[in-house]
1. Quick check: anything in the range 503-516 crowded, with 19+ Cβ neighbours inside 10 Å and either in a loop (DSSP other than H, G, I, E, B) or over 30 Å from the mean Cα position of the chain (by Cα) (or both)?
2. Any residue at all in the range 48-55 that's modelled with pLDDT under 75, surrounded by 13 or more Cβ atoms within 10 Å (Cβ to Cβ) and assigned to a helix (DSSP H, G or I)?
3. Suppose we keep only residues that are in a loop (DSSP other than H, G, I, E, B) and at negative phi within the range 551-567. Which one would you say is surrounded by the fewest Cβ atoms within 10 Å (Cβ to Cβ)?
4. One residue is enough: does the range 634-649 have a residue meeting the conditions part of a helix (DSSP H, G or I) and farther than 19 Å from residue 738 by Cβ?
5. Determine whether residue 762 is at pLDDT 65 or above, assigned by TED's automatic domain parsing to the domain that holds residue 689, buried (at least 20 other Cβ atoms within 10 Å of the Cβ) and assigned to a helix (DSSP H, G or I).
6. Among the residues of the range 663-676, which ones are surrounded by fewer than 21 Cβ atoms within 10 Å (Cβ to Cβ) and either at positive phi or outside any strand (DSSP E or B) (or both)?
7. Within the range 215-242, take every residue that is closer than 17 Å to residue 191 by Cβ and modelled with pLDDT of 80 or more and give me the one that is surrounded by the most Cβ atoms within 10 Å (Cβ to Cβ).
């Protein structure tokens with residue numbers, strides 16, 4: 001028995017397409033029945049209401065004795081009737097039937113709804129409600145039956161008979177075999193659903209669909225010589241066949257319904273009930289002339305119809321040859337992904353197909369390896385470019401820090417000198433204090449720049465999250481438009497957490513930036529809140545992953561467009577983003593999630609489409625370190641030693657000279673490192689200590705220190721810098737440099753360092 005052939009895919013596709021059309025019709029029938037129940041249950045109408053409706057619509061008997069069933073009949077025939085018009089059909093005697101009149105009254109305005117449904121089923125011919133009292137509503141308006149003869153009985157109509165309780169005891173949707181449409185639509189098929197009220201059968205809804213709309217011409221498309229496609233019902237009656245259209249008797253309004261056995265003797269033993277049970281498969285049949293015929297079948301979902309494609313078995317050879325030829329052409333054109341999936345039982349063809357697939361697979365693997373190598377190289381190139389950009393940012397940050405600290409050093413230094421000279425209760429003292437505070441904030445900003453560029457050491461410590469949030473929001477406020485409102489609900493006495501301040505700052509910035517983007521388009525607001533919370537049994541399943549204990553909760557919520565369930569599942573995935581190109585990297589939330597997890601916390605998100613989004617970040621509370629006893633203020637000792645001070649910034653050497661001389665030292669200054677070295681060479685023992693800047697033209701401070709140590713090894717050398725990649729607190733040690741100071745340094749710290757080195761040096765000299 002054949003297992004695969006090139007028609008199987010076509011059969012499955014057509015059956016699936018027909019099944020989708022069948023489902024659309026049945027879904028709409030369920031809608032109509034539900035709507036009918038609502039109208040019949042909720043519509044309020046008394047006898048006068050219905051009588052007034054009859055009068056307004058001008059229902060009556062025309063000059064030919066027919067019951068006119070549609071208002072504006074003349075307007076319709078003149079093509080001036082509304083597009084949602086419906087026709088009402090009933091026997092004149094039923095006019096006094098209160099139930100029938102009431103149900104027609106309930107459905108009087110259903111035309112607009114039916115028009116909307118018809119847009120969803122563009123191939124629909126007619127939709128109509130049939131009542132058990134021989135009344136009906138039809139849409140769209142059908143001129144051929146606008147006038148119903150008194151002896152016409154809707155209850156004898158084939159759709160009514162298909163769902164009447166005596167023929168349909170289970171009360172399910174029923175499809176009828178194709179019939180001729182009296183209104184000129186040709187061959188149609190009808191589907192009906194019974195309507196019950198308080199378990200009593202009161203009528204039905206039906207939809208008439210042209211057969212060529214339900215299955216389209218693709219049903220009869222063939223690919224093999226001698227192939228024939230058709231549809232039959234569970235009784236073996238042909239529902240669709242290429243010959244049916246030629247066998248319609250339009251005068252009598254009927255078709256010649258043929259049984260499958262009439263197509264040939266090979267079909268006589270075909271069991272339709274078994275095909276319906278198997279759902280999908282194929283049969284090998286033998287014609288009377290001995291030619292083998294293959295029949296592929298697929299049951300159409302939602303209806304007891306079977307789609308069948310038959311063709312002579314020998315035509316498979318032509319199909320296989322054509323498929324192999326097409327496959328080779330595709331490989332020649334560069335499509336290495338194509339495979340010959342449908343293989344016949346012809347052994348030679350099977351071997352060729354298997355060889356082709358193995359060849360194409362090998363070529364595709366080679367191409368895949370080439371593409372992967374190329375993609376990896378491109379990724380490495382992008383990473384290199386990223387690292388280079390980050391290196392450039394770091395270099396820029398270092399340069400800014402160096403220059404900025406050199407500017408701040410004399411400002412803070414001169415401010416401290418003024419503190420010493422001014423009375424604390426004077427206005428001048430207060431002004432100098434403000435200068436000092438401003439310079440201190442500038443110094444802290446410089447440190448933040450170095451931290452952001454990863455050029456400052458990062459470490460976890462006990463920190464108050466509320467202060468970090470305050471600084472982050474201050475930074476955000478300057479970059480967010482004024483029409484975006486930022487609400488703050490910060491618990492000021494919130495306990496501290498244990499974390500790296502920079503990473504905590506990053507959490508706030510990432511979440512608030514996302515909130516801003518969510519409300520940016522329409523204008524809105526987002527809220528940032530911080531509070532303490534205890535996680536304990538009974539908090540809910542959403543917090544079940546957290547250990548019980550005390551936490552600090554950061555909440556960032558916005559009034560934006562929100563997210564659906566699928567998006568929420570992916571938001572923490574690296575590189576996933578819903579933002580437009582250039583608006584995000586897709587890394588913000590994944591980085592935030594990683595930081596929170598490393599701090600033994602968790603992050604939860606709550607969002608609905610159109611309802612905004614709320615993020616909750618839970619971090620364990622940290623115990624406050626015991627307060628240290630206040631260290632008594634150290635009195636800085638004065639000195640008389642001789643100091644060589646070298647810096648290429650004249651204002652710095654002037655400030656340093658004033659500071660040192662105020663404490664009794666004798667100071668020689670140079671703004672040129674080569675001149676300073678020449679002075680030291682001339683009198684190596686004329687100085688007791690050397691203070692030099694790191695970054696200077698002609699000769700850097702570390703090189704100058706090396707030359708000075710070569711001339712006099714035991715002289716103390718202090719190296720100062722605003723920033724240097726070469727030397728920092730972690731690597732300045734060595735024989736050339738005795739102490740490292742990062743600008744700006746306070747006057748007290750500056751003098752303490754000098755005094756300490758001189759005292760150590762004097763002690764060493766006395767012991768020799």
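1. No, the range 503-516 contains no residue that is crowded, with 19+ Cβ neighbours inside 10 Å and either in a loop (DSSP other than H, G, I, E, B) or over 30 Å from the mean Cα position of the chain (by Cα) (or both).
2. No.
3. 564
4. no
5. Working: at pLDDT 65 or above: yes; assigned by TED's automatic domain parsing to the domain that holds residue 689: yes; buried (at least 20 other Cβ atoms within 10 Å of the Cβ): no; assigned to a helix (DSSP H, G or I): yes.
Here the answer is no, as residue 762 does not meet what is asked.
6. Answer for the range 663-676, where residues must be surrounded by fewer than 21 Cβ atoms within 10 Å (Cβ to Cβ) and either at positive phi or outside any strand (DSSP E or B) (or both): 663, 664, 671, 672, 674, 675.
7. Ranking the candidates gives 231 first.
So that you can scan it fast, the table gives a plain yes or no per residue for (1) outside any strand (DSSP E or B); (2) in contact (Cβ under 8 Å) with a residue 60 or more places away in the chain; (3) surrounded by 21 or more Cβ atoms within 10 Å (Cβ to Cβ); (4) not assigned by TED's automatic domain parsing to the domain that holds residue 222:
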residue	(1), (2), (3), (4)
269	yes, no, no, no
275	yes, no, yes, no
290	yes, no, no, no
297	no, yes, yes, no
302	yes, yes, no, no
309	no, yes, yes, no
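The values are calculated or read from the model by the stated rules, or taken from the named source; none is laboratory data. Note that the coordinates shown come from a computational prediction; the quantities given were computed from them, not determined experimentally. Every residue, glycine among them, receives a Cβ derived from its backbone with ideal geometry; neighbour counts consider all protein chains shown.
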